[in-house]
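Contents: one structure, followed by commentary.
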Amino acid sequence: MDCRSRLRSRSAVTLPTGRNEAAAAAAQATSAAQAVTIESFLAELAAFQTAASESLGGVSDGSGLEQARIEFLGARSGRLKAIQKLLSGLASADRPAGGRHFNEAKGAVTALFAALQDKLAVVGAGSAAVADAIDVTLPGELVRLGHVHPITQTIRRVQEIMARLGFESVDGPEVEDQWHNFEALAIPAEHPARDPLDNFYLAVARGTDPLLLRSQTSTVQIRVMENRRPPLRIVSLGRVYRPDTADATHYPMFHQVEGLLIEPGTTMAHLKSVLRQLASSFLGGDVHVRFRPSFFPFTEPSVEFDMEWGGRWIEMGGAGMVDPAVLAAVGYDPDEVSGFAFGLGVERIAARRYGVADIRDFYRNDVRFLRQF
Ligand code: DAH
């Protein structure tokens with residue numbers, strides 16, 4: 001494909017064969033000038049002008065205009081260029097007239113291009129303005145709203161239920177000292193729960209009292225009791241950390257609900273009815289709670305409690321009457337005050353409520369999973 005036919009193939013204009021041939025012949029008249037009569041030269045010019053104005057008549061956008069410009073006025077192999085080369089083939093007496101006609105034709109066609117270019121620019125700007133305008137009749141674009149993570153939803157729901165029972169939500173630090181995580185909760189130095197393999201101790205030098213990521217929210221009981229006097233009803237929900245291998249029911253970071261009530265005349269019956277209220281409100285319906293004897297260093301007696309849900313008893317957490325040693329550690333008089341405490345896993349109750357089989361799904365950050373809640 002030679003240069004000219006390539007240009008033509010991009011142009012919408014098809015030229016009558018005769019003119020094509022003449023133009024091709026003109027293009028070939030490069031170095032060796034051939035004899036050209038003034039009549040045929042003027043005919044070429046006229047044909048050029050007619051073809052250019054016909055071609056421009058069919059142009060409707062900038063790229064069409066550019067194609068036509070290359071075909072007719074292109075500096076390298078435009079048709080006008082080919083005609084210019086014919087000038088040198090004219091008899092010298094005809095050349096001034098030939099040159100004048102050439103310049104006129106060139107000026108006329110160039111002006112046509114310029115006018116069309118201006119016109120297209122105005123139309124283009126107009127259509128851009130239209131495109132920018134807001135079409136109020138179009139349906140709106142649906143914005144996908146994010147929402148609260150199921151664990152946070154669970155935390156808020158529990159806080160709300162407990163608030164109705166008079167329990168105030170409080171927070172505590174996630175980086176704890178030995179006193180609040182163990183000592184004050186009657187977990188002495190030699191207790192296996194303090195084993196470095198069961199806790200995330202921090203490598204920050206702090207003498208003989210290293211810090212750790214709290215392993216339970218029971219720490220908050222101590223922090224609150226140290227700063228306030230009874231009566232107390234608090235609930236604390238937050239993260240705890242244990243070096244467990246992640247599986248369907250374990251994760252090295254999880255959340256706990258901690259409840260504490262210190263009031264005169266508190267009994268295990270109060271504890272059980274609060275837990276039953278929490279279970280019924282959270283899971284819906286009349287949920288039964290049962291106690292099984294257990295042991296925790298900071299409660300006496302201690303129980304583990306289960307909830308009956310979907311025809312099955314499900315282990316929920318630990319609870320008991322606050323051990324007198326704990327009350328004494330925070331400066332309360334165990335002969336005067338008593339209370340109960342309980343703790344349970346947020347992931348566990350969220351998994352029950354939402355029917356999630358693997359708690360790791362809560363942390364995979366897969367929006368397809370999270371969107372369901
Ligand atoms: N802190 C205990 C744990 O992490 C749970 C617990 C048991 C909390 C008994 C309590 C309680 O407040 O009374 O396993």
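Would you please put 137-146, 102-111 in order of how densely packed they are, using the mean number of other Cβ atoms within 10 angstrom per residue and starting with the highest?
Numbers: 137-146: 5.9, 102-111: 15.3.
Per-residue Cβ counts within 10 Å, averaged per peptide and sorted highest first, yield 102-111, 137-146.
Given R₀ = 45 Å, FRET efficiency for Gln277-Asp198 by Cβ-Cβ distance, to 0.05?
0.85
Averaging the sequence gap over all C-alpha pairs within less than 8 Å and six or more residues apart, then dividing by the number of residues, gives the range 150-370 a relative contact order of 21 percent. Hey, can you list the DSSP H helices of the chain whose Cα span along the axis is 27 Å or longer and whose average Kyte-Doolittle score is at least -0.5? Both cut-offs are met by 38-57, 95-132.
Step by step: find N for the chain, compute 2.2 N^0.38 Å, then divide the Cα radius of gyration by it. What's the final number? The partial results should precede the final answer.
Working: Rg = 44.8 Å, N = 373, 2.2 N^0.38 = 20.9 Å.
Output field value: 2.14.
The 3J(HN,Hα) values that the Karplus relation (6.51, -1.76, 1.60; θ = phi - 60°) gives for the range 235-247 are, in residue order, 9, 10, 10, x, 7, 9, 9, 9, x, 8, 6, 5, 8 Hz. Gly and Pro appear as x. The packing ranking of peptides 44-55, 336-347, highest mean first, is 336-347, 44-55, where packing means the average number of other beta carbon atoms within 10 angstrom of each residue. Our estimate of slack between Asn365 and Val122, defined as 0.36 nm per intervening residue step minus the Cα-Cα distance, is 82.4 nm.
Kirkwood hydrodynamic radius of the range 150-370 from all distinct Cα pairs, in Å?
The answer is 18.0 Å.
Readers should treat all values here as calculations from the given coordinates under stated rules, not as data from a laboratory. Being a predicted model, the structure only gives us computed values, none of them experimental. Positions of Cβ are generated from backbone atoms using ideal geometry, with glycine treated the same way; all protein chains shown enter the neighbour counts.
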